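Have a look at the structure below, then the notes.
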Amino acid sequence: MQQPLIIDCHGHYTTAPKALEEWRNRQIANLATPERGPKPSELRISDDELRESIETNQLRLMKQRGSDLTIFSPRASFMAHHIGDFNTSATWAAICNELCYRVSALFPEHFIGAAMLPQSPGVAPSTCLPELERCVNDYGFVGINLNPDPSGGHWTSPPLSDRSWYPVYEKMVELDIPAMVHVSTSCNACFHTTGAHYLNADTTAFMQCLTSDLFLDFPTLKFIIPHGGGAVPYHWGRFRGLAQEMKKPLLKDHLLNNIFFDTCVYHQPGIDLLTKVIPVDNILFASEMIGAVRGIDPETGFHYDDTKRYIDASTQLGADERYKIYEGNARRVFPRLNAALETRGY
Ligand SMILES: [Zn+2]
């Protein structure tokens, strides 16, 4: 069997040049007086700076670890949708998405974009549609990150099954793009951002889908639940049992035509559990590199987030299964990625 293309469906631009953060800090400092700027045009980052930030970081590690292509979105913890109002988020999202687009244009073989949305607490999700369409139609992005909790850990928005989200889903179906359900920074001291809030949100999003009939309304809608699905695979029996008590269909019919999990689980036993419990057709390779966990595991001598090692070392997976996790499932879940690869001869 031919070597699969290694597609990492979960990468963020965590290494953007400092000027981006400085621009954002000025934006936050002037929230009450936005007329004092900064203007988007005041952010100046050259192609050489972008190239360097990628070549010395993500691309270096991709080459070292043997992954080919990353679906690349703005830094998740920096989305911080809870800061300011819709206009704050709209300007910030446009800037961050444009940078990811420029990276994808500089390294078309290795990066393709996924969009951050200009969400804002209490603001209708439909306001995100112009930015979403721009990213897909003008930038060639193949997916979006959808934040189920723009309040940053206070959960003030209705669940993902609420009709207020439907305009986003209608557009996703129309454009044939999936969403990674991905929160941002927690501003609630009870929840550590990457250790608690992210995993809570993954679990919460799954349960919101389970208790609803969202996918009856949108049979082709696709969600990727990152970070290995939070607590979902580990507690699969609980979720099956709850669905049964609620007289829902079997989870494989109720949710697994629409929900997928990534492999951002940072140890072998976790990956073994994921691949044993969740059907292989629902698992997409990802590392979220360079992200929350950057260290080296003293038990293995390798980086925790070098997730390809765990897939390669799995004794449960054969070549066909590995192909699906590395390439086949990503092509199916991201049809626009598949189309882009086909035009490039892959
Ligand atoms: Zn992420």
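Peptides 234-245, 256-267, 34-45, 160-171 ranked from most to least packed give 256-267, 160-171, 234-245, 34-45, packing being the mean of other C-beta atoms within 10 angstrom over each peptide's residues. Candidates Pro167, Ala243, Ala292 compared by Cα position along the dipole of the chain: farthest toward the positive end lies Ala243, with charges placed on Cβ. Between Ala124, Leu61, Leu256, the Cα set farthest toward the positive side of the dipole of the chain (charges on each charged residue's Cβ, about the Cα centre) is that of Leu256. Counting every C-alpha pair in the chain, the share spaced more than 27 angstrom apart comes to 43%.
For the chain, the share of DSSP beta bridges that are antiparallel, to the nearest 5, is 5%.
Compared with the direct C-alpha span, the chain from Cys190 to Asn137 gains 15.1 nm at full extension, assuming 0.36 nm per residue. Local charge for Gly291 was computed over the other residues whose Cβ lies under 13 Å away, with Lys and Arg +1 and Asp and Glu -1, and equals -3.
In plain terms, the chain from Trp155 to Ser41 could stretch by 37.7 nm, reckoned as 0.36 nm per residue minus the Cα-Cα distance. By its C-alpha gyration tensor, with a ≥ b ≥ c as the square roots of the eigenvalues, how is the stretch 144-278 shaped: rounded for a/c under 1.5, else prolate for a/b larger than b/c, else oblate? Note, shape of the stretch 144-278 comes out rounded. Ignoring lysines fewer than eight residues from Lys252 along the same chain, the ones with Cα atoms less than 23 angstrom from its Cα are Lys222, Lys276, Lys324.
Can you give the Rg/Rh ratio of the stretch 201-256, where Rg is from the C-alpha atoms and Rh is the Kirkwood radius?
Numbers: Rg = 10.7 Å, Rh = 11.5 Å.
With Rh from the inverse mean 1/r over Cα pairs, Rg/Rh is 0.93.
How high is the relative contact order of the stretch 7-343, in percent, with contacts defined as C-alpha pairs under 8 Å that are six or more residues apart? Walk me through the numbers before you get to the answer.
On the way: 589 pairs, mean separation 55.6, N = 337.
Reported relative contact order: 16 percent.
The local environment of Tyr13, defined by Cβ-Cβ distances under 14 Å, has a net charge of -2 under the rule Lys, Arg +1 and Asp, Glu -1. Among the aspartates and glutamates, select those whose C-alpha is under 19 Å from the C-alpha of Lys18, and discard any that sit fewer than 8 residues away in the same chain. Within the straight-line cut-off, Lys18 pairs with Glu42, Asp47, Asp48, Glu49, Glu52, Glu55, Glu98.
Throughout, read-outs are computed from the coordinates displayed, never taken from laboratory work. None of these values were measured; they are calculated from a predicted model. No Cβ is skipped: glycine too gets one built from the backbone with ideal geometry, and neighbour counts run over all protein chains shown.
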